[in-house]
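Working notes, structure below.
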Amino acid sequence: MSPFCIKSALMLELSGQPWQRSDMLDPTEMPHRKLPVLATPDGQIADSDGIRDWLEEQGADFDAGLNTAERAHARAWVRLAEYHLGLHLLQMRWNDDTVWPEVRDQIFQPVPEPMREEISAPVRKEIQNGLQWQGLARYSEAERMHRLEQDLEPIAALAADSPFLMGEQITSADLSVAPFLASMLYTSETSVVSKRLRDDKVLCAYLSRVFETVPLP
């Protein structure tokens, strides 16, 4: 469910560091009250950016072969994925009434079904309020899809010309963009966004290349 956790898993696998997955439902006791968190000999490392920093301190280089300008471009792709594709992912999961029941039952699966709506409703409302405050929820579906297309089209254009966003080698750009696209793709068959991605052969092929290059256990 978390593209940030998928991103972190891809980085860990690509870094060559030994690691083991551990799941939890309620991260409120974790640093920043969210996941992912990496347990290391140096203590708990919070957030996928913090995990990247720690792995790079251990010798990983997720942008090997890129020059200064290319590294800047890769960082821009990371931010686009996390701060724009991420908002669209939140919108489709938490604000779309046709998708919400599937998301609710997956995220809150450990909660007994009779209590699931009552327990999940305040969490959903908080996220909906955040999307209203940010502004994405104020747009019509057509306006949101237009904005999303402005992200998806250049990703597809690059993926049509090269195996990965920055060329022949997988980089940090792919390690962020691919998890968010995959999360959108697999959230719900009823979602307009999921269908848009499912019908895009170029983007589906790009996702396959990323996850075949860095297969997750």
Could you tell me how many of the residues in the stretch 2-55 are open to solvent by 60 Å² or more (accessible area, probe 1.4 Å) and either charged (D, E, K, R) or in a helix (DSSP H, G or I) (or both)?
12
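So how many residues does the stretch 97-115 have that are under 18 Å from residue 188 (Cβ atoms) and open to solvent by 30 Å² or more (accessible area, probe 1.4 Å)?
Residues of the stretch 97-115 under 18 Å from residue 188 (Cβ atoms): 97-109.
The next check asks that each one be open to solvent by 30 Å² or more (accessible area, probe 1.4 Å); those that pass are 97-98, 101-102, 104-107, 109.
Qualifying residue count, the stretch 97-115: 9.
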Criterion first (at pLDDT 95 or above, open to solvent by less than 50 Å² (accessible area, probe 1.4 Å) and within 29 Å of residue 139 (Cα to Cα)) does residue 94 satisfy it?
yes
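The values are calculated or read from the model by the stated rules, or taken from the named source; none is laboratory data. Just so you know, these numbers come straight off a predicted model, no measurement behind them. Ideal geometry is used to build each Cβ from the backbone, glycine not excepted, and the neighbour counts take in all protein chains shown. The protein model used for the area step is the full one, side chains on, heavy atoms only, and it has no ligands, DNA or RNA in it. Shrake-Rupley method; radii C 1.70, N 1.55, O 1.52, S 1.80 Å.
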